Every structure is written in C-alpha cells, then in structure tokens.
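What follows is a set of notes on a single structure, which appears directly below.
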C-alpha cells in the first residue's frame, strides 16, 4: 500500500472521530431532553408539530406499541412514495415531462427508500421528476434514517431502565432525530456541497456543445444534454442518513454530485459521521463511556484491515493484463493497479475507501463501480454487507445490530464459564437469545434463499451480463445488498425486471422490519428486568478481551453463514484468474 493511501486513511479517521465526539455528546443530550440551547431554538417547532399531529409528547409506549407505530408509519410512507411515482406525469416540478414510473419499479423504489436501502433499478435523471425526488425520495431519506435512530434509542432505554414497561415515544424520538440532528446537519452539508459545485436548481436541463462531434443513427451529434436538478439537498441527507440513492444514475461518480476532492472527503465523512457519533451517544446514555468506546473499537478492528485489504487488492491490478504484457504498475504517467470502473479524479485509494465505508455503513452510494473491482477487492464490500452492516452500519440500525452481536458474545462467554450471561447489568436469557437469533438469521436466509431461487429460475438467470462465477457474484451481491439494506450493486446485473424488482423488494422489507421487531422485543424484555450488581464473576464488556470476543463472534457468524456462497463467487473467480 502506498504512503499516499496511508496518509489519506489517517486523515479521514482523525477527522471522523474528531467530529463524532462532540456530535455524539450532543445527540445524547437531545435524546435525554437536555440540549438546552437547541431546545430554545427548536422546541416551539417541535411542539407545534405535536399539536398539529395530535401527539402527546409525554406518552410512553410499550415495545409492542412502539413497534406497531414504526411499521405502520413506514408502510404509509412507502405507499405515498408509490403513489407519487405512479402519478408524477400529472404533478408539478417535472420540466423534462417524465412519464409515470412502471408499477414494478415504483414498488421496488417505494420499499427501498422506506427501508433506508435506496436500491435503485432506474436512472434518476431520466425516471424521477424533481417533485418525486424531493417530496417522495428526499422525505423518506430523512424519516427512514430517523426511524433507525429512534429504534436504537428505544433499545438503549431497554438496557438502562429498571422494571419498566415502556421504551419512550416513537413519535418524539422520530421528531427529535429529524429536527434536532438530521435537518441541521443536512442544511450545513448542502451549503458546503454547493460551494464545491454540486448542482442545486429547479431549472430544466442544460445543453453544452461537444468538443468532438459523434455520429448517432447516421446523424452528427454536436450537443449534449446535461441533466440538472435540486441535487445538493438530497445528496446531503442521502449521505448523512446512510441512504445512498443517487440523484443521477452514476451516483457519487457523477461530477454534478461529487465534483471535487473536497466534496468527496465531505461526503465520505458524512457517511460514517452519525454511526460513529452514536457509539459515543450510547456510552453517555448508559453512563459508561467505556462501553461506547469498546463498541467503536470493535468496529475499527474489523474496518481498518478490510480497508487495507481492498486497497491492496485493487493496487495489485489484474493478473490477466500483466500476462498479456499490459503494464499496470504505478509510474509517472500511470496510477497503476486496477483502474477499470474507477473515476480517474479519485483513483484507487479514494475508491477503495468509499467502497469499504459505504458497505460498512448502510449506504448504497458509489464513486466507482464495484462490479469492476478485482474478485477479492469486490469480496470485501460484499462480505461487509453480509455481516448485517454492523461495522458502523446505518444510522441507528448499525449500532443496534452490533449490540445484538454483543448480547450473543456475552452469551457465549457465559457458556464458557458456566454463568448466566449479563450485559450492562441485565441478565441475558433464552428469550433474548431467540430474538437475537432471528435478527441474524432472517436477513441471511433472505440473501441465500433469494440467490438460490434467482439461479434456478429463468427470470433470475436471464438478466445476468456475465456468465459463470462473476454472474453468481452479481446475484449474490444484489440479494446481500437488498436484504441488508445497503443499496449498492454489481452493475452487470439488470435488476429492473419484474422478478428482481419484486424479489429484492421483499428482501429489503424482511431485512428492515423483520429485524426491527425482534430488536424492540429484546428492548422491552430488558427494560422489565432489574439491574444485577457487578460481582466477582461479572464479565466486563469494556475491555480489550471483550472487544476481541465481539470481533471473533462477528467473524465466526459471518464466515459460517456466507463463506460457502462466497467460495462459489469471488473466491473461485480469483482462482480462475490466477490459473489463466
């Protein structure tokens, strides 16, 4: 790995943690009702919303009611997005006069944005009007992210409260996540992105004269149509909310979405900012900052080696090209390595960092095409997704997923020493382990069953652009991305047909709400328990030993679940490359 890559990674991590520390402390104050300065400014708006929506801010909800509100709210949001797409031709802010979106794509997109996945089976600039992008997709970017944060806070309350029957109010948590955290951060980031040249306009497309005319259908083409739109505001929340849906089809490789190295750095930091900060929020809310630091340490122990591995795999290049006499070694006139599918403005280092960051988080944006990575370089982001996107993960969802693994880790430790496991003073018993097993097994089953069905039926195999092991990798990546709410893809698979739009839509639904419900069930069970005093046999969960056990549990579960499937895809493809 080059010195330049090391410097970029160190600067990124220092900036990320430096910004996350104060943000994490601020979010803890927001959820505890102690952010006095922010409340003076925003409390009137917050309470006005409660009055309009007939919400009692002092109402406490048991986990069943909390979960029901989460699901009903998000189902209604998906339905609204579906209607907007199906009627956009008759709605305003459609300067390109785009037609209504087909039913299967509308369904897939509605579920995708409601579940914080932002999987896209369409080209944004040629499919969605400005009105649909803003009122439908943009709003869901906020509320789907806020939903994940609300569920996390409810789970933390379950760990903190004693003999309680409630977890707080979903509506209050949702409102505060949006009003006090997501909106101010998105506003600031959008301004910074506009300063770097990211487009933000309601004007229609622009026309530019081509430097080199081309031929199309026997006619010379001397002009190019450039799609525009209110992109900066949506890009800000798509990154901060770990959503990832691109305003344009090329996503964050598009120069109107990501024009400069500074905009690239800003977006990279924003992708992991809230997930990192929530680790510090967690430590503050459980009144032991060491617990938050331990969770963050486990994330970094997994993240950094995988980041280095992806960068090294891509910098080594393609052995077939070297065998053909093509020089892919870095020199004064060449960056070297595997540059296929990468933006030359960002190169291998930034592309690898983006790929690993976005798949560690639940963010489907790309600044390079993962389908063009080397087999092992593409394996890393795929495996990060398959872990459940808990290494940082989506805002809220990543941390509550990691806490589920922490519960399993202390359960394993308890089995080894013959003692009832505890986490933060709460005994972990059969009910919690059953629910935790559902959280891990249901998305994994959706990935593997979906992939198997797609390989067996003609509608699943026909859209594959590449036969053999790489085609299998494309299918496996698609279902991994959908069921774990990431949204990125190996682009060689055409997923806009009825089969993939429907199948992946169902997987996205399972990966979001069939996980949220058991997570809240665990929270409700823990909230009703008393706190067990720390004793001589208590296993501390803030030490390097626990961090190692947690990382081992994650790796073990991930390896046992997905290594056989990965062996059929990227691993065998790598071996085939070496054999040629």
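Where a number appears in this text, it was derived from the coordinates with a stated rule and is not lab data. Since we're looking at a predicted model, the values are computed, not measured. All Cβ positions, glycine included, derive from the backbone under ideal geometry; neighbour counts span all protein chains shown.
Starting from the Cα gyration tensor of segment 458-579, take the square roots of the eigenvalues, sort them a ≥ b ≥ c, and report rounded, prolate or oblate (rounded when a/c is under 1.5, otherwise prolate if a/b is larger than b/c, else oblate).
Note, shape of segment 458-579 comes out oblate.
Quick one: helix 397-417 against the long Cα principal axis of the chain, what's the angle to the nearest 10°, folded into 0 to 90?
So the inclination is approximately 50 degrees.
How long are the semi-axes of the equivalent ellipsoid of segment 3-579, taking √(5λ) for every eigenvalue λ of the Cα gyration tensor, in whole Å from largest down?
On the way: eigenvalues 274, 170, 103 Å².
Working through the eigenvalues yields semi-axes of 37, 29, 23 Å.
Evaluate E = 1/(1 + (r/R0)^6) for residue 433 and residue 304, where r is the Cβ-Cβ distance and R0 equals 35 Å; express this FRET efficiency to the nearest 0.05. Kindly include the intermediate steps, with their values, before the conclusion.
Details: r = 30 Å, r/R0 = 0.86.
For R0 = 35 Å, the calculated efficiency reads 0.70.
Compute the distance in nm between two label points, each set 7 Å from the Cα along the Cα-to-Cβ direction, one at residue 579 and one at residue 90.
Taking the simple label geometry, residue 579 and residue 90 are separated by 5.9 nm.
Sorted by average packing, counted as other Cβ atoms within 10 angstrom per residue and highest first, what order do 180-188, 148-156 take? Before the final figure, lay out each step's value.
Working: 180-188: 18.9, 148-156: 28.2.
So the order, starting with the most tightly packed, is 148-156, 180-188.
Specify the angular offset, from 0 to 90 degrees and rounded to the nearest 10, of the alpha carbon long axis of helix 289-316 from the longest principal axis of the alpha carbons in the chain.
Long axis of 289-316 versus the principal axis of the chain: about 20 degrees.
Taking Cα centroids, how far is segment 470-503 from segment 297-314 in Å?
Cα centroid of segment 470-503 versus Cα centroid of segment 297-314: 24 Å apart.
Can you list, bin by bin at 5 Å, the percent of alpha carbon pairs in segment 109-265, starting at 0?
2, 9, 15, 17, 16, 13, 9, 7, 5, 3, 2, 1, 1, 1, 0, 0
Taking neighbour counts of Cβ atoms within 10 Å as a proxy for exposure, in what order, fewest first, do 371, 173, 58 appear?
Working: 371 21, 173 26, 58 8.
Listing 371, 173, 58 from fewest to most nearby Cβ atoms yields 58, 371, 173.
With a Förster radius of 51 Å, plug the Cβ-Cβ distance of residue 163 and residue 340 into 1/(1 + (r/R0)^6) and report the FRET value to the nearest 0.05.
0.30
Where does helix 544-566 land angle-wise versus the long Cα axis of the chain, in degrees 0 to 90, nearest 10?
Tilt relative to the chain: about 50 degrees.
I'd like to compare 511-517, 74-80: which one has the highest average count of other Cβ atoms within 10 Å, and what's the full order after that? It would help to have the intermediate numbers written out before the result.
Numbers: 511-517: 23.1, 74-80: 16.9.
The packing order, highest mean first, is 511-517, 74-80.
Could you work out [θ]222 nm for the chain from helices alone, using -39500 (n - 2.57) per DSSP H run of at least four and dividing by all its residues? Round to the nearest 500 deg cm²/dmol. All intermediate terms of the calculation are to be shown ahead of the outcome.
Details: 21 runs with 352 residues, N = 580.
When only DSSP H runs of four or more count, the value is -20500 deg cm²/dmol.
Using alpha carbons only, how many angstrom separate the centre of segment 522-545 from the centre of segment 1-64?
Spelled out, the Cα-based centre of one part sits 26 Å from the other.
For the peptides 98-105, 473-480, what is the packing order when you average, over each peptide's residues, the other Cβ atoms within 10 Å and list the highest mean first?
On the way: 98-105: 16.8, 473-480: 28.0.
Averaged packing, sorted descending, gives the order 473-480, 98-105.
Let a ≥ b ≥ c be the square roots of the eigenvalues of the Cα gyration tensor of segment 48-101; is it rounded (a/c under 1.5), or, if not, prolate (a/b larger than b/c) or oblate? Write out the running numbers ahead of the final one.
Values: a/c = 6.05, a/b = 2.26, b/c = 2.67.
It is oblate, given that a/c is not under 1.5 and a/b is not larger than b/c.
Give the separation of the Cα centroids, segment 192-260 to segment 103-153, in Å.
Each part reduced to its Cα centre gives a spacing of 19 Å.
How many percent of the alpha carbon pairs in segment 142-217 exceed a separation of 21 Å?
Here the long-distance tail beyond 21 Å is 57 percent of all Cα pairs in segment 142-217.
Shape of segment 5-69 from its Cα gyration tensor (a ≥ b ≥ c, root eigenvalues): rounded if a/c is under 1.5, otherwise prolate when a/b > b/c, or oblate?
Details: a/c = 3.33, a/b = 2.03, b/c = 1.64.
Prolate, since a/c reaches 1.5 and a/b exceeds b/c.
Per 0.36 nm of contour for each residue apart, how much would the distance between residue 36 and residue 538 grow if the chain were fully extended, relative to their Cα-Cα spacing? Please list the in-between numbers first.
Values: separation 502, 0.36 × 502 = 180.72 nm, distance 3.71 nm.
Net length gain for the segment: 177.0 nm.
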